[in-house]
Every structure is written in C-alpha cells, then in structure tokens.
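Some notes on the structure that comes next.
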Amino acid sequence: MSDMVCNIVSGIVYLILAPVIGGLLAGIDRKISARMQRRVGPPITQPFYDFFKLWDKQPVAVNKAQRFYIRGFLLFAILSGFFFFAHGDLLLVIFTLTIASVCFVIAAYASNSPYSQVGAERELAQTMAYEPMMLLVALGFYLHCGTFDAKAIVQSPAMNFIYMPGIFIGLCYILLIKFRKSPFDLSMSHEVHQELIQGALTEISGPTLAMIELAHWYENVLLLGFVYLFFAWAPIWTPVVGIAMCALTYFSDIVVDNCCSRMKWEHMLSSAWVVTLVAGFANVAFLMYMR
Amino acid sequence: MSYITKSPWLVHYDGSSCNGCDIEVLACLTPLYDVERFGIVNTGNPKHADIFLVTGGVNTQNYPVVKQIYEQIPDPKVVIAVGTCACSGGVFHDCYNMLGGMDKAIPVDVYVPGCAARPESIIDGVVKGLAVLEEKQKAMAIPVREKQALREKELEPGVAVNKSQEAGK
Ligand code: SF4
C-alpha cells in the first residue's frame, strides 16, 4: 500500500517539476547555442516568458479539431510521463507517448496549409524512424531485468548500461529526432523558416502553441528519464551518475544540433533504421544469448 | 507584469525597397547586435508574431500581401515601419505604381527613419514598439462592456448624457 502512495507521490512531483525542468533545459539549450555562435543569447528563463506571452495572445485556431487534438497531445504527453515516474509499465509509457505523437500529427493535418501538411508528413516519417528503437529499448530492459517495471529496473544489481550499450547508442540516436535537433529537425524547429516556415507548427498560434511547448517540456523530461534508467542501479549514490549522464546526453545533443545541417527525410529514416538494426538488434541478440 | 515585452517575436516583410534596410534588419540578428538577448525572435510566420517589421514602401502589387500578413498576426500586434521608404515611400515615391509609405496599407505604430536605418535605430524602434504592445495588451484585457463605458465617459460624453436621460424617462 505504501508503495502505491510512494508511486503516486513521485508521479505528482513529476507533474509539478517537469515543466520547470523542461523549460530551464530549453533555456539552457538556447543560451549554449547562442554562446556557440558567439552571441550573448537570451536569459535562461526566456522559454517561460515565451510561454506566458503565448498564453496571453489572442486565441486563433484554424478549426475546432486542431484545438482538440493539441489538447490530446498535451494530455497524453503528460500521462505517459506520469506513468513513467509513477513507476508504471515501460510498454504503457511508450504506447501512450505514441498516441501523443499521433495527436500532434492529426493536429498538423487539421489545416489545409501546405507547410503544415508537409510538416505532418515529415512528422510521420520521424515517428516511423524512432518507434522501432523505442520498442527495442523496452524489450532490452525486459530481457535484461525480466520486467517492464521502471522501479525494478533502477534497482537492478549492476549498471544496465554495461549490458545494453548498443541499445543506449540507438536511444541516443533517436533522442536527436525526439528532441527535434538538427540533423533531424525536419517537421518543426525554431530554424525551419527557410523551407517550411515552421512546418507542423505553422498554423498553430497563441495559447495552443503554448500548450505544444508545455507538452514538449514534459516529453523531454520523460525522454531523459529513459537515459536515467541506463545509469542508475541499486546503490543509493547512483542517481548522481544517472542525472549526470542525462545532462551529458542533453549537452551533446545541443553540440550536434549546432554542428549539423538538416538531413533529407530519406536519409533520416534509413540511417535511424540502420542504427536500430545494427546496434539495437545486436544488443538484443546478446541479451537473449545471456539469458 | 506583461510578458509580451520580454518575448516579442517579429515577422519581417520587405516591400518596395532597395533591400538596404532589409540587410540592416538581418544585421540585427548577427552576433554584433544579437537581438535574441532581448528575447526577440525573427520567426518567418505571421501567426507566431507580435511585431510586424516592414521595410520598403507599398505598391499596387504588394498591397494585398501586406494586408494579409497584417491580418494573420494575432492580437496584440504592432507595426514598425523601418526606413524612409516604409515611412513615406522614400526615393521611390514618384514611381507610377507606388502608393506611398506603409501607412497607406496598414496602421503603423512606430516609424524608424533613415536611409538605410541603422541597426541601433531599428532596435530602438522595436523597443518603442514594445511600449505600444504593452499598452495594447492592457486594452485587450479590459472586458468589452467596460471598454464601452470608458469610451462613453472619455471620448463621447454626449452619448453618456443622452443615455442617462433616456434612462430617466
Ligand atoms: S530607406 Fe533607403 S536603404 Fe532603406 S530600403 Fe529605402 S532606399 Fe533602401
């Protein structure tokens, strides 16, 4: 019983803290990127200013469906994180996250704008690229720890990373897609103006755009949670390692973002699948052999 | 507190111009001036923008374009006309197809003169625009009914008197 209370409390802590952490991460991202381009850059709290500003703007939506699906996106993004941090089932988390991205794609399809349509198509291609690897991550943890339960996984006797380096590499690769970083920022990013305006976000404005930002903050914290699972094990001090590795992963993604130009979607899809096949499957085969 | 002054996103449109001011606007984004430190983002998307930064004048061909961009920006919004061309038509004002400055097409809030306007003065103009933006947001926050009452009291006192007389009858 007390276990359940503990789970729910950690889930609620996630609900409250994730937007703060996610927003700060986005701010740090912008600051570091600016420094890399020899600019001063905005203050770290800038994403919050943006968020509250968007919230106060005049609500303009193309149609009712768009608003509905964006709410769905936010809801399912929050829900999947809640399941994760309340120590739920990893599979449930991944499937809920998929529903969230489906909502996002439908919201982008809701308008007739060609930019939005192309953005939605690219978003679908991105989903196709990262989804197999997400499932392999869950499968890998199951093969190694014998459970999909996040709590049992972080309590395993040795560092999970030692047995699953291939899966971790695969996860890092698709994290670039999920964080919407170059070279995979195809469907939407703050820099897409030239070819696609803002891609899937073109027709979304004001409070609905704020909701999308919020959902991304929740999503990013959840994804870093997956990185954490690799580097935390039974001893009490290991969360430090886990959090340090999350920070390192995020930082290296920012570096890659600033060093790369955008890829074509064909290259993204094929390279993501090659990484999934080589690193992911080899690792899964190894784990099966170990059992 | 108003967050809109801390995160003004702008959309830039270059009308009938020599592109000089256009280049100066882009210069504001470079490391030397770095407007992003004020939270200013140059989005290419009117639906995300708060500030409409126009360079160059309006002619018969770009008139509907300018109007459409202006209408797509959600409230509150301000328009900043950068450069002499945008203010009055500048060197092009006598051309057969010119209508004149940007204020011939849309309401302009801030005029930034100069040929070409320097990045410093463009940033200055944007800062002036922020004050207008804040004012407009405050006006948006007042409910319609109160706005009407305020208007009657300040701008059209005659209407208010008439109404009270009618109520008295
Ligand atoms: S104001 Fe001068 S520099 Fe600017 S667009 Fe007009 S002619 Fe060119």
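The values are calculated or read from the model by the stated rules, or taken from the named source; none is laboratory data. This structure is a prediction, so every number in the text was calculated from the model and none was measured. So basically every Cβ, Gly included, is an ideal-geometry build from the backbone, and we count neighbours across all protein chains shown. Heavy atoms of the whole protein, side chains included, go into the accessibility calculation; ligands, DNA and RNA do not. Shrake-Rupley method; radii C 1.70, N 1.55, O 1.52, S 1.80 Å.
Would you be able to say whether some residue in segment B:68-80 is more than 14 Å from every other protein chain (Cβ to nearest Cβ) and either at pLDDT below 90 or more than 19 Å from A:VAL60 (Cβ to Cβ) (or both)?
Within segment B:68-80 (the criterion being more than 14 Å from every other protein chain (Cβ to nearest Cβ) and either at pLDDT below 90 or more than 19 Å from A:VAL60 (Cβ to Cβ) (or both)), the answer is yes, since at least one residue qualifies.
Can you pull out the residues in segment B:6-32 that are open to solvent by 40 Å² or more (accessible area, probe 1.4 Å), over 21 Å from B:CYS85 (Cβ atoms) and of a type in the set (Ser, Thr, Tyr)?
Across segment B:6-32, the qualifying residue is only B:THR30.
Mind checking which residues of segment B:1-19 are of a type outside the set (S, T, N, Q), within 16 Å of the ligand (Cβ to nearest atom) and not in a loop (DSSP other than H, G, I, E, B)? Before the answer, list the steps.
Of all residues in segment B:1-19, those of a type outside the set (S, T, N, Q) come to B:1, B:3-4, B:6, B:8-15, B:18.
Checking the rest, the ones that are also within 16 Å of the ligand (Cβ to nearest atom) come to B:12-15, B:18.
Passing the criteria: B:HIS12, B:TYR13, B:ASP14.
Just one of (1) modelled with pLDDT under 90; (2) open to solvent by less than 30 Å² (accessible area, probe 1.4 Å); (3) under 23 Å from A:ASP257 (Cα atoms); (4) not polar (S, T, N, Q) trips up A:VAL40, so point out which.
(2)
Can you pull out every residue in segment B:16-58 that is more than 8 Å from every other protein chain (Cβ to nearest Cβ), on the phi > 0 side of the Ramachandran plot and in contact with a helix residue (DSSP H, G or I) (Cβ under 6 Å, 6 or more places away or on another chain)?
The one that is more than 8 Å from every other protein chain (Cβ to nearest Cβ), on the phi > 0 side of the Ramachandran plot and in contact with a helix residue (DSSP H, G or I) (Cβ under 6 Å, 6 or more places away or on another chain): B:GLY56.
Restricted to segment B:52-65, and to residues that are among the hydrophobic types (A, V, I, L, M, F, W, C) and more than 15 Å from the ligand (Cβ to nearest atom), which residue is most open to solvent (accessible area, probe 1.4 Å)?
Looking only at segment B:52-65, we keep the residues that are among the hydrophobic types (A, V, I, L, M, F, W, C), and these are B:52-54, B:58, B:65.
When the remaining residues are screened for being more than 15 Å from the ligand (Cβ to nearest atom), the result is B:52, B:65.
Working: B:PHE52: 1, B:VAL65: 59 Å².
Applying the filter and picking the extreme gives B:VAL65.
So which of A:THR96, A:THR147 ends up being buried (at least 21 other Cβ atoms within 10 Å of the Cβ) and among the hydroxyl-bearing types (Ser, Thr, Tyr)? Talk me through it step by step, then tell me what you get.
Details: A:THR147 fails: buried (at least 21 other Cβ atoms within 10 Å of the Cβ).
The unique qualifying residue is A:THR96.
Only one residue in A:PHE85, A:PHE51, A:PHE76 is modelled with pLDDT of 90 or more and open to solvent by 40 Å² or more (accessible area, probe 1.4 Å), so which one is that?
On the way: A:PHE85 fails: modelled with pLDDT of 90 or more; A:PHE51 fails: open to solvent by 40 Å² or more (accessible area, probe 1.4 Å).
Just one listed residue meets the conditions, A:PHE76.
Please count how many residues of segment B:20-51 are within 12 Å of the ligand (Cβ to nearest atom) and touching a strand residue (DSSP E or B) at 6+ places or on another chain (Cβ under 8 Å).
Residues flagged as within 12 Å of the ligand (Cβ to nearest atom) and touching a strand residue (DSSP E or B) at 6+ places or on another chain (Cβ under 8 Å) within segment B:20-51 amount to 4.
Any idea which of A:ALA244, A:ALA272, A:ALA215 is in a helix (DSSP H, G or I) and surrounded by fewer than 22 Cβ atoms within 10 Å (Cβ to Cβ)? Working first, answer last.
Working: A:ALA272 fails: surrounded by fewer than 22 Cβ atoms within 10 Å (Cβ to Cβ); A:ALA215 fails: surrounded by fewer than 22 Cβ atoms within 10 Å (Cβ to Cβ).
Step by step, each of A:ALA244, A:ALA272, A:ALA215 is checked, and only A:ALA244 is in a helix (DSSP H, G or I) and surrounded by fewer than 22 Cβ atoms within 10 Å (Cβ to Cβ).
Any idea which of (1) within 14 Å of chain B (Cβ to nearest Cβ); (2) open to solvent by less than 10 Å² (accessible area, probe 1.4 Å) is the one A:MET188 doesn't satisfy?
(2)
Residues A:THR98, A:THR147: which one is outside any helix (DSSP H, G or I), closer than 23 Å to A:PHE82 by Cβ and either modelled with pLDDT of 90 or more or not aliphatic (A, V, I, L, M) (or both)? Please lay out each step first, then the result.
Numbers: A:THR98 fails: outside any helix (DSSP H, G or I).
Answer to the selection: A:THR147.
From the list A:LEU176, A:LEU136, A:LEU171, pick out the single residue that is under 30 Å from B:TRP9 (Cα atoms), of a type outside the set (Ser, Thr, Tyr) and assigned to a helix (DSSP H, G or I). Break it down into steps so the answer makes sense when it comes.
Details: A:LEU136 fails: under 30 Å from B:TRP9 (Cα atoms); A:LEU171 fails: under 30 Å from B:TRP9 (Cα atoms).
It is A:LEU176.
Evaluate the following for B:GLY44: is it open to solvent by 20 Å² or more (accessible area, probe 1.4 Å), among the small types (Gly, Ala, Ser) and in contact (Cβ under 8 Å) with a residue 12 or more places away in the chain? Give the steps one after another, and end with the answer.
Working: open to solvent by 20 Å² or more (accessible area, probe 1.4 Å): yes; among the small types (Gly, Ala, Ser): yes; in contact (Cβ under 8 Å) with a residue 12 or more places away in the chain: yes.
Yes.
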